[in-house]
Every structure is written in structure tokens, then in C-alpha cells.
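S.K.: Got a structure here, written out as C-alpha cells. Questions coming.
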Amino acid sequence: MLVFLSLTYTFNNGEVLSHSLCTVLQVPHNPVALENHFKDDDEGPVSNQGYMPYLNRFILDKVQPNSFDKCDFNRMCWTLSVKKNLTCNSLLISDEDAFKVWCIFNFLSEDVYPLIIVPEEIEYFLRKLTEAMGINWQQEHFEDYRTHLGAKQCGLSVWDFIRLVGSGLYSKSMNRQTLSLAINEVYCELILDVMKQGYMWKKGHKRKNWNERWFLLKPDSISYYVGEDLVEKKGEISLNSKCYVEPLPDKDGKKCLLMIKCADRSFEISASDKKKKQEWIQAIQTAINLMKYEKLPPHIEGRQKRRELRQKQQAEQEEMAQRMTELQLANEDKQQELEKMRKELEEAAGQAALEEQRRLQTQMQLQDRFRQELEREKNIREQMEEQVAQKSSELKQYLQRVHELEDMYKKLEEALEDERQARQDEESVRKLQTRLLEEECSKRQDLEKLHLEQQQTIQMTEAEKQELENERSQKDRALEMAMKQLDELEQERKQALEQYGEVAKKLELATSKTRSWKDKVAQHEGLLRLIQPGSKGPQLITNWGPAAFTKAELDLREKNWQKQKNTAMQ
């Protein structure tokens, strides 16, 4: 990403950029070093290579691994480079979506300068984008574009790549919102390392209540939020190689339960259905295995494998080209040898003809003298014929080698045809996977309907709970009224006791008077006997003495009090 900063800055621009970089990368800023870097001496500027030497020496060399927020760093680089190179008014994507595509380009581009993204990586991204939008991948359409691209250049720059995505060439039937959601999904997977995300229910650690949360699974942690907008984060589960996940039986009215066991605590989570439960268990176990075996995330490992495959194919192509060049050079060498042999044969034939003419001219004179020489010449001719026969056999072997190379070339063409057929079979399998994804989307809609019905049922339960609460409040009020009545009865009882005390005093006074009067009458008449008043029934005794009322009156008061209590409760 620092290629977007490789420009020559003036001192003022360099100071602002340096301060921003030091803030984002969390390294100390040294304005004195920047001033010394750009100051002039008697021979001119000290720095004749621009801003990059200062950037490498005083900023980048001091950066500690994992000490800064990569998203903030990406955002700053994007802000510095987008205004000069891109205008989003004519595109179907927003500035935020263009920034996400820019980050994806930096992830998928080749590690060479200038940065480009090769057609294989373009196809990989567009396949993921169309899969996220739920539309079919058009391989023929991309092959035409790839052929047109290959005729001009070997890849796309970041701005051409953003224009390709924003032009809607591969999303004509989709609206901007769908395209934005698809870009965000690919961005979360490739840049934010999100392995899986979705709603689930989590059991509280203290209150033991169940709350619906948006879960976000990364290779080293599970974060959960209030909603999928990721605004309010409620907590995080740190994963390591000692963690494990296991399914749980249904309990407390919750189904599709699973438990994440860590070193310090455990987490109980409820998925929406069995399929989601199994998917989350597999995803979490995959993340734990990545930590356990120290493997890279799937998308990073896939990028490395694709790069290794491209390098391997390029090496094989270079090796094949080198072998063809060697065979061509060997063929040229054989042709030169054959031409040399032909010239030698022609020269030998010419020399033999000259010798024959000389021999014929001098045959009559030197027949006896050169008879032995004639025999020797015959021997030489036989040797030459043997050499010619040997050269002919070598020529046949060379032609046979040429035929073998032609057969090898035909077999290579057959292998290429088999590879093309394999790619067609792979495309049919991918179409089948797309159809299965569409069926999964329909099932997901059915599950959302069931979720809405559950929410309505929960609302009805809340209404019934409110009614019971109202009845309980009414009973509490009736109980308060009954207590008030009981207090009133207590006061009446106290007043009755006071009245009884007064009546007892009056009765004692009357009794004493009656006794004195009776004694007087007895003394005078002797036969007269007064009848004293007595109780007509059994008298009630309380803790404070004789009761001021009878049992019948007490029963009547209890009935009236019970009747008033029942009326208040109703």
C-alpha cells in the first residue's frame, strides 16, 4: 500500500504526512530529522531522492508488528490517493464500497511494482461477489473480457479494478444495495478474516438469562454485538488451542444448544436450527484447529496456493519453451551436419572423377605401374560407401526422433484437451453448488418466518404476564383494606374493653348498694330475698378479661369481615 505514498513531497506536505503516519503507526514523530532531511546547504538540497529515504529510515523501520490498526492505516492511504485517481460519481458503488474494493485489491494483487491484479484473481473475486449476490457466474462472459484484457495488458491496476466493479458489468440485474452488501461480505471474509457471522442466543454469565446477539467468528476470537451494525459490542471470546466446542442437549426451553469451553469459563449458545448449530460447531472447530496447528486462515492459504500454482505453471511453460528451443537448436545442428556431409560427398565425388580422368588418360602408359594403386582406390571407394551407409542410418535415426517428437506433441495436445474437459466438469459442479445455495436461501426465509411467529408468541406471553401482575396488585390492595379493617376492629375491641371496665365498675357499685339494701331489708323483714341479675349464657374470656360481647355477636362480626374481604379481592 505504500506505493501510493511514493511521491516527492515538499517540506510542508512531508511534515503533515509524517505526523499522520506516525500517529497511525504509533511511532514517535521526529520533526527535526525531517527538517534536516530537506534542508539546503552550499551545494544544494541534502536529500536528492525525495521523501522515500526519510519514510523508510525514520518511520517504517520503527514500526512494531501488530502495534497499529491496519484499518486506520488503510483509510489514510486511501484518503491520500483516491482524489487524484478516482471519481465515484459515475460508478454504481459508494465511496465506502470503493474503499473496500481497494483493500481487497491490495490483498489479491501480486507482490511486484507496479501493483496489478492478474486475471485469475479477478475471476476469484468476481466469483465470490456474484455468489454473495446470489446470481449465476457467467464464465463465457468473463472469458471474452479476459481475452480482450490479455490482448492489451497482463492485469488491472487498482483504479481500473474499482471501475470494473463499479461499472456493474457483472451485476446488471442487481440494485446498489445488493451490490454493496455483497462487497461488504467479501470484504469481511478477505480483509477482516471473518469466518462466519449471524444471530444466535447467548446465556448470561451472572443473570442466567438468554439474549439474542450478533456473533462474529474470527480465527482467534468470537465477538458478539447487540446488532449486525457492529455498533455496540457486548463481549468477546478469546480462542486458543486448548478451547473446544461441543453440542448440548435441549434444556430450559432452549434447543440447538452448543457450549464453548475455554480455560477460565464456558459459554452456552443456542442456534436457530440444527443446521446452523452444526455449521457453527464446524466453523468454531476449524478456527481452533487453525490455532492448534498454526495454520493460516482459509482465504490466505488459498491465495498462497493460487500464487504457487501460477508460479508452477509459469515455470513449466518456461521449461517447455526452453526444451523446445533446445530441440530446435539440436535440429539446426543436425541440419548443418547433414549439409556438411553432403558437401564432403560432393567434394569426394569430384575428386574421384578427376582421379578417374587422370587414370584414363594415363592408363595405357602406366597400366602396369598403377595396377596396385587401382586396387587401393577400390578399397578407398568401399570405405567411402560404408561411411555413406553409416551416415544414411544416422539420418534415418534422426528422422525417427523427429517422428517421436511429433507423437509427443500430439499427446500434449490430447492432455490439454483433457484439461479443458475437466474445467467444463468443474463448471457444472459449481452450477450445482449455486442451485443448492438458492435452496438454502429459501429455507432461511422459512426460518425467519418461524422466528417472527416465536416473537409474536413471546409478546402474547408478556400480555398474560401483565394481566397476572394486575390481579396480584388488586389482591394486594384488598389485603391492605382487610388489614385496615382489622385495625379498626382492634380499636373497636379496645373501646369495648374500656366500656366493659366502666360497666364493671358500675356493676360493682350497684352490687354493693344492693347488698347494703338487702341487709337492711333482711334485718327489717327477714323474708324478703332479692333476685340478682346473672349471665344468660357462657361468658367469653379474652387475654384482657371477660369479653364485651357474646359468641353470637363475635360470629356475626367474623362473617361480615369475611364478606367484605371477599368483595375487595373480587
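The values are calculated or read from the model by the stated rules, or taken from the named source; none is laboratory data. Just so we're clear, the structure is a prediction, and the values are computed from it rather than from any experiment. Note that we place each Cβ from the backbone using ideal geometry, even for glycine, and neighbour counts take in every protein chain shown. Ligands, DNA and RNA are excluded from the accessible area calculation, which covers all protein heavy atoms including side chains. Shrake-Rupley method; radii C 1.70, N 1.55, O 1.52, S 1.80 Å.
S.K.: Out of the residues in region 91-107 that are more than 19 Å from the chain's Cα centre (by Cα) and in contact (Cβ under 8 Å) with a residue 40 or more places away in the chain, which is surrounded by the fewest Cβ atoms within 10 Å (Cβ to Cβ)?
M.R.: Per the stated criteria, the residue is SER94.
S.K.: Tell me whether region 173-183 contains one or more residues that are among the aliphatic types (A, V, I, L, M), crowded, with 17+ Cβ neighbours inside 10 Å and under 30 Å from LYS254 (Cα atoms).
M.R.: No, every residue in region 173-183 fails to be among the aliphatic types (A, V, I, L, M), crowded, with 17+ Cβ neighbours inside 10 Å and under 30 Å from LYS254 (Cα atoms).
S.K.: Right, another one. Given the condition under 24 Å from the mean Cα position of the chain (by Cα) and buried (at least 19 other Cβ atoms within 10 Å of the Cβ), answer yes or no: does some residue in region 143-156 qualify?
M.R.: no
S.K.: I'd like to verify a number: residues in region 195-236 that are buried (at least 18 other Cβ atoms within 10 Å of the Cβ), at pLDDT below 90 and of a type in the set (A, V, I, L, M, F, W, C), how many?
M.R.: 1
S.K.: I'm trying to understand the selection: among the residues of region 460-484, which are open to solvent by less than 100 Å² (accessible area, probe 1.4 Å), modelled with pLDDT of 80 or more and of a type in the set (S, T, N, Q)?
M.R.: ASN470, SER473, GLN474
S.K.: Across region 187-224, what is the number of residues that are closer than 30 Å to ARG303 by Cα and in a strand (DSSP E or B)?
M.R.: 13
S.K.: May I pose another question? Find the residue count for region 488-515, including only residues that are loosely packed, with under 11 Cβ neighbours inside 10 Å and hydrophobic (A, V, I, L, M, F, W, C).
M.R.: Total satisfying the criteria: 1.
S.K.: Do we have any residue at all in region 239-246 that's polar (S, T, N, Q) and either surrounded by fewer than 11 Cβ atoms within 10 Å (Cβ to Cβ) or part of a loop (DSSP other than H, G, I, E, B) (or both)?
M.R.: Yes, region 239-246 contains a residue that is polar (S, T, N, Q) and either surrounded by fewer than 11 Cβ atoms within 10 Å (Cβ to Cβ) or part of a loop (DSSP other than H, G, I, E, B) (or both).
S.K.: Counting only residues that are closer than 19 Å to VAL112 by Cβ and surrounded by fewer than 12 Cβ atoms within 10 Å (Cβ to Cβ), how many does region 306-327 have?
M.R.: Summing the residues that are closer than 19 Å to VAL112 by Cβ and surrounded by fewer than 12 Cβ atoms within 10 Å (Cβ to Cβ) in region 306-327 gives 9.
S.K.: OK, next. If only one of LEU239, LEU248 is within 22 Å of the chain's Cα centre (by Cα) and of a type in the set (A, V, I, L, M), which one is it?
M.R.: LEU239
S.K.: Quick one: GLN138 ticks every box in (1) farther than 25 Å from LEU309 by Cβ; (2) open to solvent by 40 Å² or more (accessible area, probe 1.4 Å) bar one, so which box is it?
M.R.: Evaluating GLN138 over (1) farther than 25 Å from LEU309 by Cβ; (2) open to solvent by 40 Å² or more (accessible area, probe 1.4 Å) leaves (1) as the failure.
S.K.: I would also like to ask the following. From LYS100, LYS83, grab the single residue that is out of contact with any helix residue (DSSP H, G or I) (no Cβ under 8 Å at 6 or more places or on another chain) and closer than 25 Å to SER18 by Cα.
M.R.: From the options LYS100, LYS83, the qualifying one is LYS83.
S.K.: Continuing with this model, one more query. Looking only at region 258-291, which residues are in a strand (DSSP E or B) and either touching a residue at least 40 places away in the same chain (Cβ under 8 Å) or buried (at least 19 other Cβ atoms within 10 Å of the Cβ) (or both)?
M.R.: Correct list: LEU258, ILE260, PHE267, GLU268, ILE269, SER270.
S.K.: Hey, can you tell me all the residues within region 374-409 that are surrounded by 12 or more Cβ atoms within 10 Å (Cβ to Cβ), acidic (Asp, Glu) and farther than 18 Å from GLN336 by Cβ?
M.R.: Passing the criteria: only GLU377.
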